[in-house]
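Below is one structure; the comments refer to it alone.
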Amino acid sequence: MNETLINRDAEVEMTRRHFFSRTSTGLGAVALGHLLATDSSYGASASGSMSGVLKSLHYPPRAKRVIYLFMSGGPSQIDLLDDKPVLREKNGEDLPASVRMGQRLTGMSSNQATLPLAGSIFDFAKYGNSGAEISELLPHTAKVADDLCIIRSMHTEAINHDPAITFFQTGSQMAGRPSIGAWLDYGLGSANENLPSFCVLVTKNKGGQPLYARLWGNGFLAAQHQGVQFRAGKDPVLYLNNPQGVTTQGRRLMLDRLREMHQMQYERSLDPAISARIAQYEMAFRMQSSVPEVTDVSNEPDHVFDMYGPDSRNPGTFAANCLLARRLAEKDVRFIQLFHRGWDQHGNLPKSIANQCRETDQACAALIRDLKQRGMLDDTLVVWGGEFGRTSYSQGKLTSDDYGRDHHPRCFSMWMAGGGTKAGTVYGETDDFSYNIVKDPVHVHDLHATILKLLGIDHERLTYKSQGRRYRLTDVFGKVVDGLMA
């Protein structure tokens, strides 16, 4: 029997009517399954099976969920998390050829006559038991230094924004692969049947590099695994509310009839996309009540808003999104992705990066403190970082109080907190110019492999066969970085 027939037989087994006709207990089994319900821990049912394709986890999980704070544009590690006194001493001198070693530059600075070194104008100090050196731009983050695992040796292959962001979100520089949140939904399923397993929050009214829905897309996985974007305003999820004149009861009847017609079509074609469509309609119906509940922050006490900062009262700001992320985490949403644009500072960096930090620093630290005081930080992995770093030399004119920095994929900084990471740690090291890594490099694939391990998944064993090849988030690369885990 060929593979096509085997796959068709498998699809037949999954259809609703074939299931009812071949199961002796029939509807009783369905009722029992509903009574057993989904256990909120790691998407496992009471019987121990997973609601995703993984029937059991490969490792004991350290994290239930992920909140990924993506700083789109590439924050400057030199001005935030990787202090380089040598750059201040050599400020204005040309980047030594022995440091650059012929590495490629972008077209934006490759035609400069010189590449003048630009030391940060911001002061650094040591914080926490780890003695982590953190910029004055991040005073709130500095206060939670002992909760952070700072990675100073991240590196990537992409030097331009679109492929670099795509790489971080999907494990490939080429568009079309599933995003990390889609992979997790596919593998682990949902721990809350009334909310999407993968939610996306984008800071409103922010300029910068464009963001595309494919960054939280499902790629070649079924459509129900794609991220659902929440927006500010009365309709957090587009097209979710009923049109004027349509009642909830009427919507339910319409969906029931539509499901019956889809089921008939599915039994004729065995197209799995039809099952995905049914699942999405049903999720949307349940979200009509669950989304207004989770996005209504009116019951949050004043001290919580004060902790996240004044912007937290303004829906759609980064601070408000951090607060909403905590509320979604409380509802056991598996993967919560925040995007904050504006970190692409080729010029006017000192003023621009200070503004970015004012918008994000307090809320990032508040999220960690909030999760911790609720007993959720231990099983919630928080990740902060962009798609690459910035150059140690100035792009454009260098003055005493102004400079710009070009893209730099060779080394940059990120941090992680909670979810089984090694708190109070600074991992990896760059050279005196923050141009090359000299100790413990961490590649994008390594980061993905480590995140999956913290969630109990072997990155080599979560795969999907498409067009004759088995794919995974880490492609054919990646290794778990044990030094990042407690």
* Determine, yes or no, whether Ala325 is part of a helix (DSSP H, G or I), in contact with a His (Cβ under 8 Å, 6 or more places away or on another chain) and surrounded by 22 or more Cβ atoms within 10 Å (Cβ to Cβ). => no
* Looking at the range 445-461, is at least one residue assigned to a strand (DSSP E or B) and closer than 30 Å to Gln345 by Cβ? -> no
* Kindly indicate whether Val246 is within 19 Å of Gln337 (Cβ to Cβ) and of a type in the set (Val, Ile, Thr). => no
* Structure fact -> Met416 vs (1) in contact with a strand residue (DSSP E or B) (Cβ under 9 Å, 6 or more places away or on another chain); (2) assigned to a loop (DSSP other than H, G, I, E, B); (3) hydrophobic (A, V, I, L, M, F, W, C); (4) within 28 Å of Ala365 (Cα to Cα): all pass except (2)
* Structure fact -> Residue set Leu240, Leu253, Leu184; condition among the hydrophobic types (A, V, I, L, M, F, W, C), within 27 Å of the chain's Cα centre (by Cα) and not in a loop (DSSP other than H, G, I, E, B); output residue Leu184
* Across the range 65-97, which residue is surrounded by the most Cβ atoms within 10 Å (Cβ to Cβ) among those that are polar (S, T, N, Q) and part of a loop (DSSP other than H, G, I, E, B)? -> Ser76
* Asked: Identify, please: which residue in the range 366-377 is in a helix (DSSP H, G or I) and in contact (Cβ under 8 Å) with a residue 24 or more places away in the chain and is, among those, nearest to Phe122 (Cα to Cα)?
  -> Ala366
* Structure fact -> Scanning the range 119-150 residue by residue, those out of contact with any helix residue (DSSP H, G or I) (no Cβ under 7 Å at 6 or more places or on another chain) and crowded, with 17+ Cβ neighbours inside 10 Å turn out to be Phe124, Glu133, Ala142, Ala145, Leu148, Ile150
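Can you find even one residue in the range 347-365 that is part of a helix (DSSP H, G or I), aliphatic (A, V, I, L, M), surrounded by 22 or more Cβ atoms within 10 Å (Cβ to Cβ) and within 19 Å of the chain's Cα centre (by Cα)?
Yes, the range 347-365 contains a residue that is part of a helix (DSSP H, G or I), aliphatic (A, V, I, L, M), surrounded by 22 or more Cβ atoms within 10 Å (Cβ to Cβ) and within 19 Å of the chain's Cα centre (by Cα).
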* Verdict on Gly316 being outside any helix (DSSP H, G or I), touching a residue at least 12 places away in the same chain (Cβ under 8 Å) and farther than 26 Å from Phe220 by Cα -> yes
* the range 468-486, residues that are among the β-branched types (Val, Ile, Thr) and without any contact (Cβ under 8 Å) to a residue 12 or more places away in the chain -> Val476
* Asked: Taking the range 131-149 only, how many residues are in a strand (DSSP E or B) and not hydroxyl-bearing (Ser, Thr, Tyr)?
  -> 5
* To do: Can you tell me which residue among Gly207, Gly176 is over 15 Å from Tyr68 (Cβ atoms), of a type outside the set (A, V, I, L, M, F, W, C), surrounded by fewer than 22 Cβ atoms within 10 Å (Cβ to Cβ) and free of Cβ contacts under 8 Å to residues at least 60 places away in the same chain?
  => Gly176
* To do: For residues that are exposed (fewer than 15 other Cβ atoms within 10 Å of the Cβ) and under 24 Å from the mean Cα position of the chain (by Cα), scanning just the range 293-303, find the one that is farthest from Glu193 (Cα to Cα).
  => Asp296
* **Given (1) part of a loop (DSSP other than H, G, I, E, B); (2) loosely packed, with under 12 Cβ neighbours inside 10 Å; (3) of a type in the set (A, V, I, L, M), number of the condition Ala232 does not satisfy** => (2)
* Subset of the range 378-390 [surrounded by 23 or more Cβ atoms within 10 Å (Cβ to Cβ), within 13 Å of Arg62 (Cβ to Cβ) and either at pLDDT below 95 or not β-branched (Val, Ile, Thr) (or both)] -> Leu381
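The values are calculated or read from the model by the stated rules, or taken from the named source; none is laboratory data. Note that this is a predicted model, so its numbers are computed, not measured. Using ideal geometry, Cβ is built from the backbone for each residue, glycine included, and neighbour counts are taken over all protein chains shown.
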